[in-house]
């Protein structure tokens, strides 16, 4: 890859059992360093996102996906240029679906192997579907980075790997954490990048680049006016919604009062059942249930596992040697 927004790889060295890439030295802080102080001003965040989209458009055009985009892998030079680092987990996509060799990751990964950073993994990557990953997994990570720049917080936070994976697989981002005055076009872009179903997600990063071009073409004052108009519309919708909720609650309460006289002996029965069956010598360290109640993600001493609560079907996600579960 040779692109102004991608750090160059100058060589590959192998010493004994150790392998290393010789990379371009890029001056300046990482985006992770910058985000330690909080959210980035909207225009600057969009400008950074525009350069990221440009870099990934070039990589995807050569059938290469990064698979580990995160703020720590993005540098901002003193000239305010963006440089994407660490294509160490990059994967060459098959040009023809029937060609098995090109679809194999150069790092020797296989089905069910987790590589990457959990908070920025796409749902399909987090569930170990490495052989079916395509450019949409980078688009998801791009959305996570843009959300974090605008909100100052991670899209899918968690105190452990299992909790983070549970958030990625089953929870929606906290959309209320985004700036209230943010343009509707940016919200729409984020939602399209962060759709959990890859079929509903934005398919091409070039589409994000075009949308960002249109958004950035509006002067800052114009963006602010449009944002305020959107905020006022949101307040009006919220007021109507609040009225409907209150009215519905009063109607429901009234209905319950009327019908409860004839059903005073009704009781609610709850059945308790065990979801996992780990022995005492291999206890579960952390667990998180998806909001829809269909999946539980947990880790024991050997693996991170995702289990369907209804059927009991369990997928063990193999991790690289030395990977820290907690």
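Derivation of every value follows stated rules applied to the coordinates shown; laboratory data play no part. Bear in mind that the values here come from a model prediction, so they are computed numbers and not experimental data. Note: ideal-geometry Cβ built from the backbone for every residue, glycine included; neighbour counts use all protein chains shown.
Quick notes on this structure:
- Rotationally averaged projected area of region 3-57 (alpha carbon convex hull; nm²): 5.5 nm²
- Separation of region 148-170 and region 33-75, taken as the distance between their Cα centroids, equals 18 angstrom.
- Exposure proxy shown here: for 305, 67, 315, the number of other Cβ atoms within 10 Å sets the order, fewest to most, as 315, 305, 67.
- Ratio Rg/Rh, restricted to region 9-217 and using Cα atoms, in which Rh is the Kirkwood radius: 0.95
- Two-decimal Rg to Rh for region 136-225 - Kirkwood Rh, Cα set: 0.99
- Sorted fewest first by neighbouring Cβ atoms within 10 angstrom, 298, 120, 10 come out as 10, 298, 120.
- P(r), alpha carbons of region 166-217 - 5 Å bins starting at zero, rounded %: 4, 17, 25, 23, 19, 9, 2, 0
- Cβ-to-Cβ counts within 10 Å put 30, 294 in ascending order as 294, 30, the fewest first.
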